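The values are calculated or read from the model by the stated rules, or taken from the named source; none is laboratory data. The structure displayed is predicted, hence computed values, not measured ones. Reconstructed Cβ throughout: ideal geometry from the backbone, glycine too, with neighbour counts over all protein chains shown. For accessibility, only protein heavy atoms count, side chains too; no ligands or nucleic acids. Shrake-Rupley method; radii C 1.70, N 1.55, O 1.52, S 1.80 Å.
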Amino acid sequence: MQSQDNLHARLSDFHDVEADLAETRHYLHAHPELSFEEAETARYVADKLEGWGFEVTRNVGGHGVVARLSAGTGTKSVAIRADMDALPIQEDTGAAYASTVPGKMHACGHDGHTTMLLGAAEYLARTKRFNGTVTLIFQPAEEAGHFSGAQRMIADGLFERFPIDAIFGLHNHPGAPAGAILTRSGPMMAAGDTVTITITGKGGHASRPHLTVDPVLVACNLVVTLQSIVSRNIDPTQTAVVTVSTIHAGEASNVIANTATISMSVRSFDPAIRAFLEQRIRKLTQSVAEGHGATATIDYENGYPVVVNAEKETAFARQVAEELIGTEGVSTCHLIPGSEDFAYFLEQKPGSFLRLGNGETSQILHSSKYDFNDASLTTGAALWARLAERYLDA
(Lines give C-alpha, C1' and ligand atoms only; values in the text may rest on other atoms or scores of the structure.)
Protein backbone atom coordinates (compact mmCIF):
# COMPACT_ATOMS: atom_id res chain seq x y z
CA MET A 1 0.00 0.00 0.00
CA GLN A 2 1.03 3.61 -0.50
CA SER A 3 2.86 5.14 2.43
CA GLN A 4 0.77 7.24 4.82
CA ASP A 5 3.79 9.49 5.51
CA ASN A 6 2.48 13.05 5.25
CA LEU A 7 5.89 14.66 5.63
CA HIS A 8 6.97 13.90 2.07
CA ALA A 9 5.45 14.21 -1.39
CA ARG A 10 2.63 11.82 -2.30
CA LEU A 11 0.85 11.07 -5.54
CA SER A 12 -2.20 12.89 -4.24
CA ASP A 13 -0.16 16.08 -3.94
CA PHE A 14 0.03 16.17 -7.74
CA HIS A 15 -3.56 15.36 -8.67
CA ASP A 16 -4.48 19.03 -8.92
CA VAL A 17 -1.67 19.71 -11.40
CA GLU A 18 -2.25 16.75 -13.74
CA ALA A 19 -3.72 19.00 -16.43
CA ASP A 20 -0.90 21.54 -16.02
CA LEU A 21 1.73 18.83 -16.41
CA ALA A 22 0.04 17.50 -19.53
CA GLU A 23 -0.18 21.02 -20.99
CA THR A 24 3.55 21.56 -20.39
CA ARG A 25 4.42 18.21 -21.93
CA HIS A 26 2.26 18.87 -24.98
CA TYR A 27 3.91 22.25 -25.53
CA LEU A 28 7.37 20.71 -25.40
CA HIS A 29 6.25 17.88 -27.65
CA ALA A 30 4.94 20.30 -30.26
CA HIS A 31 8.21 22.28 -30.27
CA PRO A 32 11.04 19.73 -30.47
CA GLU A 33 14.68 20.73 -30.80
CA LEU A 34 17.51 18.41 -31.76
CA SER A 35 20.77 17.90 -29.86
CA PHE A 36 22.77 21.15 -29.63
CA GLU A 37 19.72 23.14 -30.80
CA GLU A 38 17.73 23.28 -27.54
CA ALA A 39 17.88 27.07 -27.09
CA GLU A 40 14.13 27.65 -26.88
CA THR A 41 13.51 24.59 -24.72
CA ALA A 42 16.25 25.73 -22.33
CA ARG A 43 14.79 29.25 -22.20
CA TYR A 44 11.31 27.87 -21.48
CA VAL A 45 12.67 25.69 -18.66
CA ALA A 46 14.91 28.37 -17.15
CA ASP A 47 12.17 31.01 -17.15
CA LYS A 48 9.81 28.71 -15.25
CA LEU A 49 12.46 27.81 -12.69
CA GLU A 50 13.40 31.44 -12.09
CA GLY A 51 9.74 32.28 -11.63
CA TRP A 52 9.54 29.70 -8.85
CA GLY A 53 12.55 31.13 -7.04
CA PHE A 54 15.37 28.81 -8.11
CA GLU A 55 18.88 30.12 -8.63
CA VAL A 56 19.29 29.33 -12.33
CA THR A 57 22.46 29.07 -14.39
CA ARG A 58 21.98 28.89 -18.15
CA ASN A 59 24.24 27.67 -20.95
CA VAL A 60 26.12 25.04 -18.95
CA GLY A 61 27.89 22.80 -21.44
CA GLY A 62 25.86 24.25 -24.28
CA HIS A 63 22.13 24.72 -23.66
CA GLY A 64 22.23 23.03 -20.26
CA VAL A 65 20.26 24.55 -17.38
CA VAL A 66 21.19 24.03 -13.72
CA ALA A 67 18.76 25.18 -11.03
CA ARG A 68 19.46 25.17 -7.30
CA LEU A 69 17.21 25.72 -4.31
CA SER A 70 18.18 25.57 -0.66
CA ALA A 71 16.12 25.24 2.49
CA GLY A 72 16.99 24.82 6.15
CA THR A 73 20.56 24.52 7.37
CA GLY A 74 21.54 21.18 5.81
CA THR A 75 24.78 20.91 3.88
CA LYS A 76 23.89 17.96 1.65
CA SER A 77 22.93 18.37 -2.01
CA VAL A 78 21.10 15.94 -4.26
CA ALA A 79 20.97 16.28 -8.05
CA ILE A 80 18.22 15.10 -10.38
CA ARG A 81 18.66 15.16 -14.14
CA ALA A 82 16.25 15.33 -17.08
CA ASP A 83 17.21 15.39 -20.77
CA MET A 84 15.63 17.85 -23.22
CA ASP A 85 16.56 17.02 -26.83
CA ALA A 86 14.46 15.46 -29.59
CA LEU A 87 15.23 13.24 -32.59
CA PRO A 88 15.41 13.77 -36.39
CA ILE A 89 12.23 11.76 -37.08
CA GLN A 90 9.05 12.75 -38.90
CA GLU A 91 6.20 12.29 -36.43
CA ASP A 92 3.34 9.94 -37.28
CA THR A 93 1.23 9.90 -34.11
CA GLY A 94 -1.72 11.99 -35.25
CA ALA A 95 -1.77 13.68 -31.83
CA ALA A 96 -3.39 17.09 -31.53
CA TYR A 97 -0.11 18.33 -30.04
CA ALA A 98 2.10 16.65 -32.66
CA SER A 99 5.40 18.21 -33.65
CA THR A 100 5.10 21.49 -35.50
CA VAL A 101 8.64 21.11 -36.85
CA PRO A 102 8.99 18.93 -39.95
CA GLY A 103 11.42 16.06 -39.51
CA LYS A 104 11.84 16.52 -35.76
CA MET A 105 9.94 14.91 -32.89
CA HIS A 106 10.16 13.83 -29.27
CA ALA A 107 10.37 10.13 -30.09
CA CYS A 108 12.20 9.16 -26.88
CA GLY A 109 10.09 10.89 -24.23
CA HIS A 110 12.48 13.64 -23.23
CA ASP A 111 9.50 16.01 -23.28
CA GLY A 112 8.01 13.89 -20.49
CA HIS A 113 11.28 13.69 -18.57
CA THR A 114 11.61 17.49 -18.62
CA THR A 115 7.98 17.98 -17.62
CA MET A 116 8.21 15.65 -14.63
CA LEU A 117 11.27 17.41 -13.25
CA LEU A 118 9.58 20.78 -13.74
CA GLY A 119 6.57 19.44 -11.85
CA ALA A 120 8.79 18.36 -8.97
CA ALA A 121 10.58 21.72 -9.07
CA GLU A 122 7.35 23.69 -8.67
CA TYR A 123 6.28 21.52 -5.74
CA LEU A 124 9.67 21.74 -3.98
CA ALA A 125 9.78 25.51 -4.40
CA ARG A 126 6.27 25.86 -3.00
CA THR A 127 6.64 23.52 -0.02
CA LYS A 128 10.37 23.62 0.83
CA ARG A 129 10.04 20.56 3.05
CA PHE A 130 13.69 19.59 2.80
CA ASN A 131 16.92 20.47 4.54
CA GLY A 132 19.78 21.13 2.16
CA THR A 133 20.15 21.93 -1.53
CA VAL A 134 18.26 20.53 -4.49
CA THR A 135 20.17 20.71 -7.77
CA LEU A 136 18.14 20.16 -10.93
CA ILE A 137 20.03 19.43 -14.16
CA PHE A 138 18.23 19.92 -17.46
CA GLN A 139 20.62 18.38 -19.93
CA PRO A 140 20.92 18.94 -23.68
CA ALA A 141 22.18 16.56 -26.36
CA GLU A 142 21.63 13.16 -24.75
CA GLU A 143 20.97 11.75 -28.22
CA ALA A 144 24.24 13.10 -29.65
CA GLY A 145 26.10 9.81 -29.36
CA HIS A 146 29.50 11.51 -29.24
CA PHE A 147 30.72 14.30 -26.92
CA SER A 148 27.18 14.50 -25.66
CA GLY A 149 25.44 16.89 -23.31
CA ALA A 150 26.54 15.04 -20.17
CA GLN A 151 30.18 15.12 -21.27
CA ARG A 152 29.97 18.79 -22.19
CA MET A 153 28.35 19.78 -18.89
CA ILE A 154 31.00 17.88 -16.93
CA ALA A 155 33.74 19.53 -19.03
CA ASP A 156 32.14 22.89 -18.23
CA GLY A 157 32.73 22.27 -14.54
CA LEU A 158 29.28 20.96 -13.60
CA PHE A 159 30.27 19.23 -10.38
CA GLU A 160 32.86 21.82 -9.36
CA ARG A 161 30.47 24.73 -9.90
CA PHE A 162 27.47 22.93 -8.40
CA PRO A 163 28.70 20.46 -5.75
CA ILE A 164 26.45 17.47 -5.09
CA ASP A 165 26.53 14.28 -3.02
CA ALA A 166 24.52 12.01 -5.33
CA ILE A 167 22.71 12.14 -8.66
CA PHE A 168 19.56 10.46 -9.96
CA GLY A 169 17.83 10.23 -13.33
CA LEU A 170 15.25 8.15 -15.15
CA HIS A 171 13.98 7.12 -18.56
CA ASN A 172 10.53 6.03 -19.58
CA HIS A 173 10.12 2.32 -20.28
CA PRO A 174 7.70 1.16 -23.01
CA GLY A 175 6.20 -2.23 -22.17
CA ALA A 176 5.99 -1.68 -18.41
CA PRO A 177 2.68 -0.50 -16.87
CA ALA A 178 2.25 3.26 -16.85
CA GLY A 179 3.61 4.64 -13.59
CA ALA A 180 5.49 1.48 -12.63
CA ILE A 181 9.05 2.05 -11.42
CA LEU A 182 11.97 -0.23 -12.29
CA THR A 183 15.36 -0.21 -10.55
CA ARG A 184 18.57 -2.20 -10.87
CA SER A 185 21.81 -2.08 -8.91
CA GLY A 186 25.11 -2.42 -10.76
CA PRO A 187 25.28 -2.50 -14.57
CA MET A 188 21.93 -1.57 -16.11
CA MET A 189 22.40 -0.15 -19.61
CA ALA A 190 25.08 -1.08 -22.11
CA ALA A 191 28.14 0.65 -23.41
CA GLY A 192 27.51 1.45 -27.07
CA ASP A 193 30.35 1.53 -29.60
CA THR A 194 30.17 2.17 -33.34
CA VAL A 195 32.51 0.55 -35.84
CA THR A 196 33.00 1.36 -39.52
CA ILE A 197 35.18 -0.98 -41.57
CA THR A 198 36.31 -0.14 -45.09
CA ILE A 199 37.62 -3.06 -47.14
CA THR A 200 39.77 -2.21 -50.13
CA GLY A 201 40.23 -4.81 -52.86
CA LYS A 202 40.80 -4.58 -56.58
CA GLY A 203 37.85 -3.73 -58.79
CA GLY A 204 37.16 -4.98 -62.27
CA HIS A 205 34.68 -6.60 -64.64
CA ALA A 206 32.14 -8.91 -63.05
CA SER A 207 32.79 -11.52 -65.76
CA ARG A 208 36.46 -11.81 -64.76
CA PRO A 209 36.45 -12.11 -60.97
CA HIS A 210 39.74 -14.00 -61.00
CA LEU A 211 41.47 -10.79 -62.01
CA THR A 212 40.03 -8.88 -59.05
CA VAL A 213 40.01 -8.91 -55.27
CA ASP A 214 36.30 -8.71 -54.57
CA PRO A 215 35.62 -6.58 -51.47
CA VAL A 216 31.98 -7.73 -51.39
CA LEU A 217 33.11 -11.31 -50.93
CA VAL A 218 35.47 -10.23 -48.19
CA ALA A 219 32.73 -8.21 -46.48
CA CYS A 220 30.31 -11.15 -46.55
CA ASN A 221 32.90 -13.50 -45.06
CA LEU A 222 33.73 -10.91 -42.45
CA VAL A 223 30.10 -10.49 -41.40
CA VAL A 224 29.78 -14.23 -40.75
CA THR A 225 33.07 -14.27 -38.85
CA LEU A 226 32.18 -11.28 -36.68
CA GLN A 227 28.91 -12.91 -35.64
CA SER A 228 30.93 -15.70 -34.03
CA ILE A 229 32.60 -13.37 -31.53
CA VAL A 230 29.78 -13.38 -28.99
CA SER A 231 28.62 -16.97 -29.53
CA ARG A 232 32.11 -18.49 -29.36
CA ASN A 233 34.14 -16.06 -27.24
CA ILE A 234 31.86 -14.57 -24.57
CA ASP A 235 30.84 -16.49 -21.45
CA PRO A 236 27.17 -17.47 -21.94
CA THR A 237 26.39 -16.01 -18.51
CA GLN A 238 27.57 -12.60 -19.74
CA THR A 239 25.82 -10.31 -22.22
CA ALA A 240 27.15 -8.68 -25.37
CA VAL A 241 25.85 -7.75 -28.82
CA VAL A 242 27.70 -7.42 -32.12
CA THR A 243 25.37 -6.31 -34.90
CA VAL A 244 26.46 -5.57 -38.47
CA SER A 245 23.93 -2.94 -39.49
CA THR A 246 24.95 -1.86 -43.01
CA ILE A 247 26.89 -3.06 -46.02
CA HIS A 248 27.60 -0.71 -48.92
CA ALA A 249 29.50 -1.55 -52.11
CA GLY A 250 29.32 -0.88 -55.81
CA GLU A 251 26.73 0.65 -58.10
CA ALA A 252 26.40 -1.67 -61.10
CA SER A 253 25.72 -5.41 -61.42
CA ASN A 254 28.53 -5.93 -63.94
CA VAL A 255 31.22 -4.13 -61.96
CA ILE A 256 33.21 -5.44 -59.03
CA ALA A 257 33.82 -2.43 -56.79
CA ASN A 258 37.13 -1.36 -55.36
CA THR A 259 35.79 -0.95 -51.82
CA ALA A 260 33.05 -2.19 -49.51
CA THR A 261 32.05 -0.62 -46.20
CA ILE A 262 30.28 -2.20 -43.28
CA SER A 263 29.10 -0.55 -40.08
CA MET A 264 28.43 -2.16 -36.74
CA SER A 265 26.92 -1.55 -33.33
CA VAL A 266 28.73 -3.17 -30.39
CA ARG A 267 27.11 -3.39 -26.95
CA SER A 268 28.50 -4.65 -23.66
CA PHE A 269 27.97 -4.40 -19.91
CA ASP A 270 31.48 -5.01 -18.60
CA PRO A 271 34.65 -2.96 -19.29
CA ALA A 272 36.77 -6.09 -19.76
CA ILE A 273 34.31 -7.55 -22.26
CA ARG A 274 34.10 -4.20 -24.03
CA ALA A 275 37.88 -4.15 -24.48
CA PHE A 276 37.89 -7.80 -25.58
CA LEU A 277 35.24 -7.17 -28.24
CA GLU A 278 37.28 -4.36 -29.75
CA GLN A 279 40.42 -6.49 -29.78
CA ARG A 280 38.66 -9.41 -31.48
CA ILE A 281 36.91 -7.21 -34.05
CA ARG A 282 40.20 -5.61 -35.02
CA LYS A 283 42.11 -8.89 -35.23
CA LEU A 284 39.46 -10.83 -37.16
CA THR A 285 38.91 -7.96 -39.58
CA GLN A 286 42.58 -7.81 -40.50
CA SER A 287 42.88 -11.60 -40.72
CA VAL A 288 39.88 -12.02 -43.03
CA ALA A 289 40.94 -9.13 -45.25
CA GLU A 290 44.53 -10.33 -45.54
CA GLY A 291 43.38 -13.89 -46.20
CA HIS A 292 41.56 -12.67 -49.30
CA GLY A 293 44.32 -10.34 -50.47
CA ALA A 294 42.47 -7.20 -49.43
CA THR A 295 43.20 -4.51 -46.84
CA ALA A 296 40.94 -3.08 -44.16
CA THR A 297 40.78 0.16 -42.23
CA ILE A 298 38.83 0.32 -38.99
CA ASP A 299 37.20 3.38 -37.46
CA TYR A 300 36.33 2.29 -33.91
CA GLU A 301 34.38 4.92 -31.97
CA ASN A 302 33.79 4.35 -28.28
CA GLY A 303 30.36 5.67 -27.38
CA TYR A 304 28.63 5.98 -24.03
CA PRO A 305 30.00 3.79 -21.23
CA VAL A 306 28.01 1.30 -19.16
CA VAL A 307 25.37 2.75 -16.84
CA VAL A 308 26.46 1.40 -13.45
CA ASN A 309 24.11 2.18 -10.57
CA ALA A 310 25.55 2.47 -7.07
CA GLU A 311 24.16 -0.10 -4.64
CA LYS A 312 23.40 2.32 -1.79
CA GLU A 313 21.71 4.97 -3.95
CA THR A 314 19.72 2.36 -5.86
CA ALA A 315 18.44 0.80 -2.63
CA PHE A 316 17.45 4.27 -1.45
CA ALA A 317 15.64 5.11 -4.69
CA ARG A 318 13.79 1.79 -4.59
CA GLN A 319 12.69 2.45 -1.00
CA VAL A 320 11.37 5.88 -1.98
CA ALA A 321 9.53 4.37 -4.95
CA GLU A 322 7.94 1.69 -2.79
CA GLU A 323 6.83 4.31 -0.28
CA LEU A 324 5.26 6.29 -3.10
CA ILE A 325 3.43 3.65 -5.14
CA GLY A 326 3.66 0.46 -3.07
CA THR A 327 5.91 -2.56 -3.45
CA GLU A 328 3.65 -4.08 -6.09
CA GLY A 329 4.42 -1.20 -8.46
CA VAL A 330 8.21 -1.48 -8.16
CA SER A 331 10.28 -4.19 -9.84
CA THR A 332 13.83 -5.06 -10.85
CA CYS A 333 14.77 -3.95 -14.36
CA HIS A 334 16.38 -6.39 -16.75
CA LEU A 335 19.61 -5.49 -18.52
CA ILE A 336 18.96 -2.99 -21.30
CA PRO A 337 21.22 -3.16 -24.40
CA GLY A 338 20.52 0.48 -25.22
CA SER A 339 22.94 3.20 -24.10
CA GLU A 340 22.53 6.40 -22.09
CA ASP A 341 24.96 9.23 -21.42
CA PHE A 342 23.84 9.47 -17.79
CA ALA A 343 26.65 6.91 -17.45
CA TYR A 344 29.16 9.79 -17.50
CA PHE A 345 27.54 11.35 -14.45
CA LEU A 346 27.68 8.01 -12.63
CA GLU A 347 31.40 7.79 -13.37
CA GLN A 348 31.80 11.04 -11.41
CA LYS A 349 29.25 10.73 -8.60
CA PRO A 350 27.31 7.97 -6.81
CA GLY A 351 23.74 7.67 -7.97
CA SER A 352 21.14 5.63 -9.76
CA PHE A 353 19.24 5.63 -13.04
CA LEU A 354 15.64 4.40 -12.93
CA ARG A 355 13.00 3.41 -15.47
CA LEU A 356 9.37 4.58 -15.42
CA GLY A 357 6.65 2.54 -17.13
CA ASN A 358 5.15 4.07 -20.29
CA GLY A 359 2.37 1.48 -20.73
CA GLU A 360 2.23 -2.11 -21.95
CA THR A 361 1.04 -1.08 -25.42
CA SER A 362 3.42 1.87 -25.83
CA GLN A 363 5.21 2.15 -29.13
CA ILE A 364 8.94 1.51 -28.93
CA LEU A 365 11.42 4.32 -28.39
CA HIS A 366 12.62 6.15 -31.52
CA SER A 367 9.48 5.14 -33.43
CA SER A 368 7.63 7.77 -35.47
CA LYS A 369 4.47 6.61 -33.64
CA TYR A 370 5.91 6.79 -30.12
CA ASP A 371 4.42 9.16 -27.56
CA PHE A 372 5.14 9.70 -23.88
CA ASN A 373 2.28 8.51 -21.68
CA ASP A 374 0.74 11.43 -19.76
CA ALA A 375 -0.54 8.94 -17.17
CA SER A 376 3.04 8.64 -15.89
CA LEU A 377 3.64 12.35 -15.36
CA THR A 378 2.30 12.64 -11.81
CA THR A 379 4.19 9.54 -10.69
CA GLY A 380 7.46 10.86 -12.08
CA ALA A 381 7.00 14.33 -10.59
CA ALA A 382 6.01 12.92 -7.20
CA LEU A 383 8.93 10.48 -7.26
CA TRP A 384 11.47 13.24 -7.81
CA ALA A 385 9.91 15.51 -5.20
CA ARG A 386 9.78 12.76 -2.59
CA LEU A 387 13.28 11.53 -3.39
CA ALA A 388 14.72 15.02 -2.93
CA GLU A 389 12.86 15.49 0.34
CA ARG A 390 13.87 12.08 1.69
CA TYR A 391 17.52 12.48 0.69
CA LEU A 392 17.62 15.86 2.40
CA ASP A 393 15.63 14.89 5.49
CA ALA A 394 16.32 17.13 8.46
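Report summary: the helix-based calculation at 222 nm, which adds -39500 (n - 2.57) for every DSSP H run with n ≥ 4 and divides by the residues of the chain, gives -10500 deg cm²/dmol. Ellipsoid semi-axes for the chain, based on the Cα gyration tensor and the rule √(5λ), read 44, 22, 19 Å when sorted largest first. The angle separating the long axis of helix 271-291 from the principal Cα axis of greatest extent in the chain is about 20 degrees.
Sort L324, L11 from largest to smallest accessible area, using a 1.4 Å probe on the heavy atoms of the protein chains.
Most to least solvent-accessible, the answer reads L11, L324.
Taking all protein chains together, S231, S367 sort by accessible area into S231, S367, largest first [probe 1.4 Å].
Once you reduce region 288-303 and region 159-198 to the center of their Cα atoms, the two points are 32 Å from each other. Return the whole-Å distance between the Cα centroid of region 11-65 and the Cα centroid of region 212-267. Between the Cα centre of region 11-65 and that of region 212-267, the gap is 43 Å. Each principal axis of the Cα atoms in region 220-260 has its own extent, and those three values, largest first, are 46, 15, 13 angstrom. Loop-resident chymotrypsin sites (Phe, Trp or Tyr not before Pro) (DSSP state other than H, G, I, E or B) in region 140-179 with no more than 10 further Cβ atoms inside 10 Å of their Cβ are absent.
Among the GluC sites (Glu not before Pro) in region 1-58, which ones are in a DSSP loop with at most 15 other Cβ atoms within 10 Å of the Cβ? Mind listing them? Sparse-neighbourhood loop GluC sites (Glu not before Pro): none present. Relative contact order for region 144-246: what percent, with Cα pairs under 8 Å and sequence separation of 6 or more? About 12 percent, as a whole number. Residue-wise HN-Hα couplings along region 325-342, as the Karplus relation 6.51 cos²θ - 1.76 cosθ + 1.60 with θ = phi - 60° gives them from phi, are 10, x, 4, 5, x, 10, 9, 8, 7, 6, 4, 10, x, x, 10, 7, 7, 4 Hz; Gly and Pro carry x. Computed from Cα positions, the angle between helix 377-391 and the longest principal axis of the chain comes to roughly 70 degrees.
The coefficient of translational diffusion for region 171-225, derived via Stokes-Einstein from the alpha carbon Kirkwood radius under 10 °C and 1.306 mPa s, stands at 98 µm²/s. Compared with the dominant Cα axis of the chain, that is its longest principal axis, helix 39-51 is turned about 20°. Scoring 309-322, 252-265, 188-201 by mean Cβ neighbours within 10 Å over their residues and listing the highest first yields 188-201, 309-322, 252-265. When the alpha-carbon atoms of region 83-167 are used, the pair Rg, Dmax equals 15.9, 45 angstrom. Legend: residue pairs K48/K369; K76/K312; K76/K349; K312/K349; K104/K349; K48/K349, Cα-Cα distance threshold 21 Å; pairs beyond threshold, K48/K369; K104/K349; K48/K349. With protein chains left intact and a 1.4 Å probe, residues in the chain average 41 Å² of accessible area per residue.
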